[in-house]
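Below you'll find the structure, written out as structure tokens, and then a few comments.
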Amino acid sequence: QVHLAESGGGWVQAGGSLTLSCTASGLDSTEYSMGWFRQTPGKERTFVAAIWSTGDRTAYGSSVQGRFTIDKHGDRNSAYLQIDSLQPDDTAVYYCGAVRRWGPWVETTDQYVYWGQGTQVTVSS
């Protein structure tokens, strides 16, 4: 059974940094991209970043590009999200997901077939 586990969320002051991690088990990691989305109460889940299995292709949401970096650090089963210069608007539950192959659909939430439970990021001003 496929399982995705997120960690690294927490409470941080504005301007600080966090690194979120996602590790997949039971997944054929050569056939899936991994992505990060975030969601606040009452709002839709929005795309943050995605990375192909080899790590050589990445995509970023327009609202986070420049401050967020997704990387696999050589681990095909993992996707790390480095967040710098955190802002209060970054406060959300961050979800890791897995999606088949690579293409424009990696930015679309309903194309993902597996999800983790989410990790809370809270940024104080």
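The values are calculated or read from the model by the stated rules, or taken from the named source; none is laboratory data. Computed from a predicted model, the values in this text were never measured in an experiment. Glycine also receives a Cβ, built like all others from the backbone with ideal geometry; neighbour counts cover every protein chain displayed. Remember, those area values only see protein heavy atoms, side chains included, never the ligands or the DNA or RNA. Shrake-Rupley method; radii C 1.70, N 1.55, O 1.52, S 1.80 Å.
Would you confirm whether or not segment 109-119 contains a residue that is open to solvent by 60 Å² or more (accessible area, probe 1.4 Å) and of a type in the set (S, T, N, Q)?
We begin by selecting, within segment 109-119, every residue open to solvent by 60 Å² or more (accessible area, probe 1.4 Å); these are 110-111, 114-115, 117.
Applying the additional criterion that residues be of a type in the set (S, T, N, Q) yields 111, 117.
For segment 109-119, residues open to solvent by 60 Å² or more (accessible area, probe 1.4 Å) and of a type in the set (S, T, N, Q): present.
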Could you check segment 77-105 and list, in sequence order, the residues that are open to solvent by 10 Å² or more (accessible area, probe 1.4 Å), in a strand (DSSP E or B) and of a type in the set (S, T, Y)? Y80, Y95
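Identify all residues within segment 61-76 that are open to solvent by 40 Å² or more (accessible area, probe 1.4 Å) and over 27 Å from G26 (Cβ atoms); write none if there are none.
First, pick out the residues of segment 61-76 that are open to solvent by 40 Å² or more (accessible area, probe 1.4 Å): 62-63, 65-67, 69, 71, 73-76.
Once the filter is applied, which keeps residues that are open to solvent by 40 Å² or more (accessible area, probe 1.4 Å) and over 27 Å from G26 (Cβ atoms), segment 61-76 yields S62, S63, Q65, G66, R67.
What are the residues in segment 106-117 that are polar (S, T, N, Q) and either within 12 Å of the chain's Cα centre (by Cα) or assigned to a loop (DSSP other than H, G, I, E, B) (or both), if any?
Within segment 106-117, T108, T109, Q117 meet the criteria.
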For segment 24-52, how many residues meet the condition of being over 10 Å from A92 (Cα atoms), open to solvent by less than 60 Å² (accessible area, probe 1.4 Å) and either of a type in the set (D, E) or assigned to a strand (DSSP E or B) (or both)? 13
How many of the residues making up segment 82-113 are under 16 Å from S62 (Cβ atoms) and touching a Leu at 6+ places or on another chain (Cβ under 7 Å)? 1
